[in-house]
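One structure below.
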Amino acid sequence: MSQITKTHDPIVAVKNIGKRYGAINALAGVTTEVRAGEVTCVLGDNGAGKSTFIKMLAGAHTPSEGEMLLDGEPVTFSSPRAALDAGIATVYQDLAVVPLMPVWRNFFLGSELTKGAGPFRRLDVKRMKTITYTELDNMGIDLRDVDQPIGTLSGGERQCVAIARAVYFGARVLILDEPTAALGVKQSGVVLRYIARARDRGLGVVFITHNPHHAYPVGDRFLLLNRGTSLGDYAKADITLGELTSLMAGGAELDSLAHELERSMGADSPVVKELEREAEALPEAAREELVPPTAS
Amino acid sequence: MTTTDIVTIATRPRMERQPIRRLLARPEMGALVAALAVMIFFSVYTSNFMTLAGAGVWLESASTFGIMAVAVALLMIGGEFDLSAGVMTGFTALIVGVLTTNYGLNIWVAVVVSLAVALGVGALNGFIVMRTGLPSFIVTLGTFFVLAGIDLAVTKLITGQVSIQGMAKVPFYDTIQPLFGASIRIGGGVFYVSVLWWFLVTAIATWVLLRARAGNWIFAVGGALNSSRQVGVPIMKTKVGLFMTTAGAAWLVGMISLFRTSTVQANTGVGQEFIYIICAVVGGCLLTGGFGSAIGAALGALIYGMVFQGITFAQWDTNWLRTFLGAMLLLAVLLNHWVRTRAGGGR
């Protein structure tokens, strides 16, 4: 593809950013970066701080500490609109589509192309249909008919239309908020393929998920969050899927779970063996951080 | 466009076209079939339905309902109701009547004042609905009763009667009357200018819905308000504009009825708001918004006009009209429900 523009400088870099709501520390000490043509995965369980993190990236919240760099320059987004103007687009879980409207009308909703002037200013239907068809085709979605209501598409396809729309309207960084959360195995695969497509077209993708099996195949960088802190920011070369999974599940918690189960199930139980193996596989540094002070 | 885009366009398979299936999926299809059925039935059953004289009667009957049904359809596609639409037709006519016969205001000025007041009430409806988030059903029910009360009380207070008389004696009446009340005789039939207004309103509404940005926004705010807001559709402007359009259409119908009969009753239009809604729903509008058509609503009104006059021609008891309307409404809602579950239910 001709659009690949891999650069060595990150588009967006965050350094030790955090967010405090009054006395509550929602997120602290998060460092990662998003590069063109790469996928940065943000992993964490419910309540880990994923939403807070993307809201800061998307301009919905301003960080209360740390700094955010856009193309190497410090930046503060005052609103989602400001982030959008800087090329950071967010695809939320509800996708912002109108189910009963045709695919092409949804694609251009709010940014319609028109021709003519004054009272005769009208929609450029032909051009919008052609562009919709082309853009979806470039993402590898072959819709036979862009005139069908978007509600008739599958969940994965709808997700992809939302991604294609963000790409077309000039996104350089695409934030995807749990795009595979509500999907089945097959549909998730479809969405992952389009994430890879967006990456190959030179976009920096931020992929939020709680499923390491979805993140690992497409991700280039993994930011792990747990209870409002960062468990680390790994390049793909520095971490295996096994390690990622264990970190997600919480290494120390896994250890103690193994002990607990040992008592009830016996040390030779295959489940316990599996858990122990996973705990072993954790990177040493991450493990130490995880062990609660009382236990050490 | 990049080179890959152009290559893709050049090599893509031809977009599949299924004209018949697409036609059947149009919202107004059901109304078209029903209109043809009603037309054929009365043409065969009565001798004077399908004559020029007969057509003049049922077209005139359908026209005023058609203008309102089209405006109400736009509003319903936008996800709102306007129960004050019926009483507004009488309200606007009464304003003109009172201002001219009692205060001697120039009739052209009075007509413009009436339009301004109508648009103001429409904007107020829209503004209250959008600001409070209350259902428009309740808000406009309130406006409906307020206006109905004003119509009776103020008319009686000022003129001492419950109707406006002597409109034809107002200066310059003849200069404005043809605009709303003219008629021509073709063969044995009398055709009113209101039929032209009806066609014009339907044509403009259809064009706006399908080919203007505003139309896109109307479907969007009715279909998914939150999504519309997220992608930058001006929802306040769209919805308030819709309420004002309905009020404007009510003004047009008010003028038509005023200048055709040169009199107006204080209770004109009360109870007709539901007929507009029925026409719109029979024409394929969803009660929940986001789907429908202006042509469908116009066809719904045509059905109403034809049945209303057809029953008279057939010399049946006209009280059956309401029963027929109710049955039509139920059928239409069932049909719409089926369309919606097919199109919007998702998988």
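Quick one: would you say A:Val161 is touching a Gly at 6+ places or on another chain (Cβ under 7 Å), over 19 Å from A:Arg35 (Cβ atoms) and within 14 Å of another protein chain (Cβ to nearest Cβ)?
Working: touching a Gly at 6+ places or on another chain (Cβ under 7 Å): no; over 19 Å from A:Arg35 (Cβ atoms): yes; within 14 Å of another protein chain (Cβ to nearest Cβ): yes.
For A:Val161, the condition - touching a Gly at 6+ places or on another chain (Cβ under 7 Å), over 19 Å from A:Arg35 (Cβ atoms) and within 14 Å of another protein chain (Cβ to nearest Cβ) - is not met.
Name the residues in segment A:85-94 that are part of a loop (DSSP other than H, G, I, E, B) and either under 15 Å from A:Phe169 (Cα atoms) or acidic (Asp, Glu) (or both), would you? Outline the logic, then answer.
The initial filter retains those residues of segment A:85-94 that are part of a loop (DSSP other than H, G, I, E, B), namely A:86-87, A:92-94.
A:Ala86, A:Gly87, A:Asp94, listed by residue number.
For segment A:115-128, give me each residue that is at the interface with chain B (Cβ under 8 Å from one of its Cβ atoms) and either open to solvent by less than 40 Å² (accessible area, probe 1.4 Å) or touching a helix residue (DSSP H, G or I) at 6+ places or on another chain (Cβ under 6 Å) (or both).
From segment A:115-128, those at the interface with chain B (Cβ under 8 Å from one of its Cβ atoms) are A:121-123, A:125; that's our starting set.
Residues satisfying the conditions are A:Arg122, A:Leu123, A:Val125.
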(Q) Given (1) in contact with a helix residue (DSSP H, G or I) (Cβ under 7 Å, 6 or more places away or on another chain); (2) open to solvent by 10 Å² or more (accessible area, probe 1.4 Å); (3) part of a helix (DSSP H, G or I), identify the lone condition not met by B:Val270. (A) (3)
Q: Please state which of the following conditions A:Met101 fails to meet, knowing it meets all the rest: (1) surrounded by fewer than 21 Cβ atoms within 10 Å (Cβ to Cβ); (2) under 29 Å from A:Ser154 (Cα atoms); (3) modelled with pLDDT of 85 or more; (4) not basic (Lys, Arg).
A: (1)
Q: For B:Asn102, state whether it is among the polar types (S, T, N, Q) and open to solvent by 10 Å² or more (accessible area, probe 1.4 Å).
A: yes
Q: Please state which one of A:Ser111, A:Ser78 is within 9 Å of another protein chain (Cβ to nearest Cβ), open to solvent by 10 Å² or more (accessible area, probe 1.4 Å), closer than 29 Å to A:Met56 by Cβ and of a type in the set (S, T, N, Q).
A: A:Ser111
Q: List the number of the failed condition for B:Met306; all other conditions in (1) more than 30 Å from A:Phe169 (Cα to Cα); (2) crowded, with 24+ Cβ neighbours inside 10 Å; (3) of a type outside the set (D, E, K, R); (4) under 15 Å from the mean Cα position of the chain (by Cα) hold.
A: (4)
Q. When you go through A:Gly87, A:Gly72, A:Gly140 one by one, which is the residue that is open to solvent by less than 20 Å² (accessible area, probe 1.4 Å) and more than 28 Å from B:Leu209 (Cα to Cα)?
A. A:Gly87
Q.
What are the pairs with Cβ atoms under 7 angstrom where one residue, in segment B:199-222, is within 11 Å of chain A (Cβ to nearest Cβ) and over 10 Å from B:Leu74 (Cα atoms) and the other, located anywhere, is open to solvent by 40 Å² or more (accessible area, probe 1.4 Å) and of a type in the set (Lys, Arg)? Sequence gap at least six, or different chains.
A. B:Arg211/A:Arg122; B:Ala212/A:Arg122
Q) Yes or no: A:Ala83 within 14 Å of another protein chain (Cβ to nearest Cβ) and under 30 Å from A:Tyr216 (Cβ atoms)? A) yes
Q: Those residues that are surrounded by 21 or more Cβ atoms within 10 Å (Cβ to Cβ), hydrophobic (A, V, I, L, M, F, W, C) and touching a Gly at 6+ places or on another chain (Cβ under 8 Å), I need them from segment B:105-131; list them, please.
A: B:Ala118
Q: Could you please tell me which pairs satisfy a Cβ distance under 6 Å, a separation of 6+ or placement on different chains, a first residue in segment B:29-53 that is part of a helix (DSSP H, G or I), and a second residue that is open to solvent by 90 Å² or more (accessible area, probe 1.4 Å) and among the aliphatic types (A, V, I, L, M)?
A: B:Ser43/B:Met50
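The values are calculated or read from the model by the stated rules, or taken from the named source; none is laboratory data. No experiment lies behind these values; they were computed from the predicted model shown. All Cβ positions, even for glycine, are placed from backbone atoms using ideal geometry, and neighbour counts span all protein chains on display. In case anyone asks, the SASA skips ligands and DNA or RNA and just uses the protein heavy atoms, side chains included. Shrake-Rupley method; radii C 1.70, N 1.55, O 1.52, S 1.80 Å.
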